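Notes follow once the structure below has been shown.
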Amino acid sequence: SHLHMPSLCFPVRSRRTLEHSNMDKANSLRKADIGDIEQIKAILFNSLKEYEIVIPDSYSVSDIDSIGAKNRTEKVFVLVRNDFIIGFIILKPITADCIELKRLYLTSSERGQKLGEYLLTYAINFACKNNFKYIRLETTSKFKEAVSLYKKHGFTEWKEVEKAPGHDLAFEKSL
């Protein structure tokens, strides 16, 4: 059994600090609502196309289509600038101790500006605040930048797990 070490949880940086990093003043993160579904799906599918990822027949976006529905377990947050969604994350509790980062995407023009790092930090902090002990994710090695980001933030490859179609990597981080 792993000891829960809350000291690894760090607060979400204040808006002032974010303005001094590469977060533009106009950026804000909020919970997604029904009106965001189309923009979220556009970012997702454009990213998959850009990275030449073949979408499996079994591919589901039910976690996006169900935004706004009652009793849903996924938490969806959107990164917004000037009323446009430029990125999003989806977190899904798996067990009382473990939460999955199901999706982390940015629109192509916003990559390379530390916004992915901001979204990932937010996801880790959300998991900490909600007393999860682990955060897991599955991805594809084609998302090279994302894989580097996860490793940089202390995620380790989790080999003995069956992955969803289209995913060849799984990572886990103890919180």
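Annotation note: trypsin sites (Lys or Arg not before Pro) in the range 96-130 located in DSSP loop regions with a Cβ neighbour count of at most 10 within 10 Å are absent. If you build a Gaussian network model of the chain, linking Cα atoms that sit under 10 Å apart, which residue out of 80, 61, 147 swings the most? Sorting by GNM fluctuation, first place goes to 61. Once the convex hull of all Cα atoms in the range 42-175 is built, its volume per residue stands at 121 Å³.
When shorter helices are ignored and each DSSP H run of at least 4 residues is given -39500 (n - 2.57), the per-residue value for the chain at 222 nm works out to -8000 deg cm²/dmol. In the context of the full set of protein chains, the chain has a per residue accessible area of 57 Å² (1.4 Å probe). For the listed residue pairs 92/173; 75/163; 151/173, the alpha carbons are over 19 angstrom apart in 75/163. Using a 1.4 Å probe over the heavy atoms of the protein chains, calculate the carbon and sulfur portion of the accessible area of the chain as a whole percent. Here carbon and sulfur together make up 52 percent of the probe-accessible area.
The values are calculated or read from the model by the stated rules, or taken from the named source; none is laboratory data. As the structure is a computational prediction, the values presented were derived from the model and not from experiment. Methodologically, a virtual Cβ is constructed for each residue, glycine included, from the backbone with ideal geometry; neighbour enumeration extends over all protein chains shown. Just the protein is used for accessible areas: all its heavy atoms, side chains included, with ligands, DNA and RNA removed. Shrake-Rupley method; radii C 1.70, N 1.55, O 1.52, S 1.80 Å.
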